[in-house]
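For reference, the structure is listed below as structure tokens.
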Amino acid sequence: MEKIKTIILKEWAEVFKNKMVLFTVAFLPLIFIAMPLVTLAATANMGGEISSADSPPDEFFGDLCVDLSEYDCTQVYMLNIYTLMFMMLPVIIPASIASYSIVGEKTARSLEPLLATPITIAELVTGKALAAIIPAVAATWLAFGIYVAAAWFMVTERIFAYLVAPMWLTAVFIVGPLLALMAVAAAIMISSRVSDPRVAEQLSAIVVLPLVMLLIGQSVGFILIDQRVILWMGVIVAALDVGLMYLAVKVFQRETILTRWK
Amino acid sequence: MIKTENLTKKFDETLAVDRLTLEIDEGEVFGFLGPNGAGKTTTVRMLTSLIAPSAGTATVMGYQIGADDQQIRRNVGILTETPGMYDRLSAWRNLTIYATLYEVENVEQQVEKYLKMLGLWERRHDAAGTFSKGMRQKLAIARTLLHEPKIIFLDEPTAGLDPEAAKLVRDFIAELKGEGRTIFICTHNLDEADRLCDRVAVFKTRLRVVDSPQALRKQLYGRQVVFHLAEAAEGYASMAENLPFIKRVQAVGNKLVLSLEEPEQHNPDIIRQLVRAGANIQFVGELRHSLEDIYLQLVND
Ligand SMILES: Nc1ncnc2c1ncn2[C@@H]1O[C@H](COP(=O)(O)OP(=O)(O)OP(=O)(O)O)[C@@H](O)[C@H]1O
Ligand SMILES: [Mg+2]
């Protein structure tokens with residue numbers, strides 16, 4: 001336990017001295033908060049001007065929000081896209097932290113003395129993974145919290161209920177950390193092959209692609225994100241976590257690191 | 001303390017270490033000499049449980065590599081080929097991290113002890129990245145010792161250091177030897193091996209020879225005495241050849257080089273004979289072969 005803590009604190013002390021990482025962890029969430037709030041502020045004044053404000057939502061929305069007017073439902077629909085975008089945070093942030101931390105250690109050749117200590121691979125991987133996941137999850141939750149709090153002042157109670165619907169809480173609080181773990185596993189595997197942290201970061205962030213596809217699907221009306229989709233997503237990501245972590249731990253063995261990593 | 005038997009490591013096609021059999025005693029300073037790519041680092045990595053041998057076995061402090069890896073890691077110290085410090089962190093932080101990972105009980109006390117011992121105490125709050133090469137090496141040595149290992153592996157401890165820093169490191173190694181620790185040093189620096197080591201191994205994929213530096217010299221060249229004369233030495237060669245205790249005679253310019261086993265006993269006699277034959281002797285001295293000569297001969301065959 002003491003060793004895991006030491007690794008986590010060491011990672012933070014090192015990696016947050018890097019401007020690129022700091023930017024990703026601090027500013028990206030701000031951008032993701034700003035986007036929906038600006039949109040909300042812009043559309044809030046338009047409500048009265050839309051003639052069909054009280055007409056029921058058309059079939060495009062399916063059973064997304066049967067109890068709302070078309071206008072409100074459009075707003076819910078947009079907010080859903082933004083909330084889905086929040087899910088990118090727990091992928092991009094840990095990919096960035098883990099890539100810089102692992103490629104950094106690799107190029108500084110600090111892994112060999114580290115591996116010479118009686119730390120177990122499980123402790124080392126846990127430490128490195130938590131060091132990447134904790135800030136990512138914290139930033140995501142904090143950003144989501146701020147967004148929800150601000151939105152409370154900007155939308156009607158009925159719309160707000162959709163914002164904090166169980167499916168989004170599941171997404172942010174359960175699927176988010178699972179996604180973060182997936183990004184870490186990807187970052188470990190990719191970091192073992194490349195020697196530029198930026199390349200590792202970008203490649204690991206490819207994990208975000210399915211999420212982007214979901215986003216596009218939602219935007220063009222191909223898929224409608226609902227509780228079922230989120231639950232399936234959770235199950236698939238959890239399964240991928242197990243598989244990818246297994247592979248990541250396999251490349252993170254002393255012998256492999258010292259003799260096979262490039 | 002260290003015992004290997006047919007220790008072998010193969011990387012795909014490359015045979016890096018071939019059936020190394022060795023025994024190193026407690027308190028011994030053992031020099032592991034070999035050219036680039038000889039397999040020195042590979043050997044150290046196997047003996048510190050960083051990589052597994054392809055064949056053969058070894059025990060370190062009685063622990064079996066492969067089976068008691070954690071015990072080995074706990075009990076040995078290793079100075080890796082490159083220091084691998086966390087450059088953005090302070091010297092103090094670097095060492096406390098390692099002290100914790102090595103399960104040291106009094107972390108701060110140990111860190112302080114070695115920072116002071118290596119003369120880095122004043123700079124403890126500075127980032128390791130701001131240190132000179134010599135200071136980084138000293139910091140890395142401190143890191144090697146935090147958990148008071150009985151066996152220490154040093155992979156080229158003075159490589160790339162200026163003579164002054166190298167001397168500091170060597171003196172420190174001598175101090176460690178005084179504390180009764182077993183020290184395994186990989187080096188290209190033959191002078192260093194000569195001065196520090198009780199025994200040296202010349203190694204190039206296979207073990208070529210192991211012995212004390214003195215014994216190696218004697219084994220290869222016997223002992224040689226050189227007589228500097230005021231005139232050409234050639235004229236005295238045949239006279240020297242007739243002396244029964246002389247094994248070999250070489251006359252080069254004004255120098256007469258004689259190989260014999262006990263110069264202490266025979267030199268006075270030789271001098272008398274040379275003088276009688278009319279030689280004007282200017283200097284007499286023992287010709288000492290450097291370990292380098294021995295090394296080059298062994299590595300190049
Ligand atoms: N991971 C690896 N994959 C393939 N070959 C390797 C690997 N590591 C070492 N070798 C090979 O094994 C041999 C021994 O290498 P090693 O690093 O042990 O030599 P060394 O004696 O420490 O050399 P140096 O004095 O340059 O440090 C070399 O031929 C090297 O190319
Ligand atoms: Mg080496």
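The values are calculated or read from the model by the stated rules, or taken from the named source; none is laboratory data. These numbers were taken from a predicted model, which means no experiment stands behind them. Ideal geometry is used to build each Cβ from the backbone, glycine not excepted, and the neighbour counts take in all protein chains shown. Note: accessible area is taken over every heavy atom of the protein model, side chains too, but ligands, DNA and RNA are not part of it. Shrake-Rupley method; radii C 1.70, N 1.55, O 1.52, S 1.80 Å.
With respect to being more than 16 Å from ligand 2 (Cβ to nearest atom), open to solvent by 10 Å² or more (accessible area, probe 1.4 Å), closer than 25 Å to A:Thr256 by Cβ and within 24 Å of the chain's Cα centre (by Cα), B:Ile72 falls outside the description.
Restricting B:Phe184, B:Phe153, B:Phe227 to those that are in the same structural domain as B:Arg272 (by TED's automatic domain parsing) and either of a type in the set (A, V, I, L, M) or at pLDDT 90 or above (or both) reduces the list to B:Phe227. Step by step: first the residues of segment B:6-37, then only those that are of a type outside the set (A, V, I, L, M), in a strand (DSSP E or B) and within 7 Å of ligand 1 (Cβ to nearest atom), then the one that is least open to solvent (accessible area, probe 1.4 Å). Which residue is that? Step by step, filter segment B:6-37, then rank; the result is B:Phe11. A single member of B:Lys138, B:Lys133, B:Lys116 is open to solvent by 70 Å² or more (accessible area, probe 1.4 Å) and touching a residue at least 12 places away in the same chain (Cβ under 8 Å), and it is B:Lys133.
Within segment A:244-262, take every residue that is within 10 Å of another protein chain (Cβ to nearest Cβ) and part of a helix (DSSP H, G or I) and give me the one that is farthest from B:Ser54 (Cα to Cα). My answer is A:Ile257. For segment A:100-119, the condition of being in contact (Cβ under 8 Å) with a residue 24 or more places away in the chain and under 15 Å from the mean Cα position of the chain (by Cα) holds for none of the residues. Filtered by the rule that a residue be under 15 Å from the mean Cα position of the chain (by Cα), assigned to a helix (DSSP H, G or I) and near ligand 1 (Cβ under 6 Å from one of its atoms), segment B:38-49 gives B:Lys40, B:Thr41. Residues that are away from ligand 2 (no atom under 16 Å from the Cβ) and open to solvent by 30 Å² or more (accessible area, probe 1.4 Å): does segment B:80-90 have at least one? Looking for residues that are away from ligand 2 (no atom under 16 Å from the Cβ) and open to solvent by 30 Å² or more (accessible area, probe 1.4 Å), one finds at least one in segment B:80-90, hence yes. Inclusion of B:Gly56 among residues that are outside any helix (DSSP H, G or I) and crowded, with 24+ Cβ neighbours inside 10 Å is not warranted.
Considering segment B:6-24, and only residues there that are among the acidic types (Asp, Glu) and touching a Lys or Arg at 6+ places or on another chain (Cβ under 9 Å), the residue that is farthest from ligand 2 (Cβ to nearest atom) turns out to be B:Glu23. Checked across segment B:157-176, the condition of being basic (Lys, Arg), more than 14 Å from chain A (Cβ to nearest Cβ), assigned to a helix (DSSP H, G or I) and on the phi < 0 side of the Ramachandran plot holds for at least one residue.
Entry remark, segment A:10-25: residues being out of contact with any helix residue (DSSP H, G or I) (no Cβ under 8 Å at 6 or more places or on another chain) and more than 8 Å from chain B (Cβ to nearest Cβ) number 3 in total. Based on what the data block shows, is A:Leu258 surrounded by 14 or more Cβ atoms within 10 Å (Cβ to Cβ) and at pLDDT below 90? Against the criterion (surrounded by 14 or more Cβ atoms within 10 Å (Cβ to Cβ) and at pLDDT below 90), A:Leu258 does not qualify. Filtering segment B:67-92 to residues that are more than 7 Å from every other protein chain (Cβ to nearest Cβ), farther than 17 Å from A:Thr120 by Cα and part of a loop (DSSP other than H, G, I, E, B) leaves B:Glu81, B:Pro83. Just give me the residues in segment A:107-153 being buried (at least 20 other Cβ atoms within 10 Å of the Cβ) and aromatic (Phe, Trp, Tyr), in sequence order. Listed by number, the residues that qualify are A:Phe144, A:Tyr147.
Are any residues in segment B:33-46 more than 10 Å from ligand 2 (Cβ to nearest atom) and modelled with pLDDT of 95 or more, and if so, which ones? Listed by number, the list holds a single entry, B:Met46.
B:Glu105 - would you say it is on the phi < 0 side of the Ramachandran plot, within 14 Å of chain A (Cβ to nearest Cβ) and surrounded by fewer than 20 Cβ atoms within 10 Å (Cβ to Cβ)? Yes; evaluated as a whole, the condition is true for this residue.
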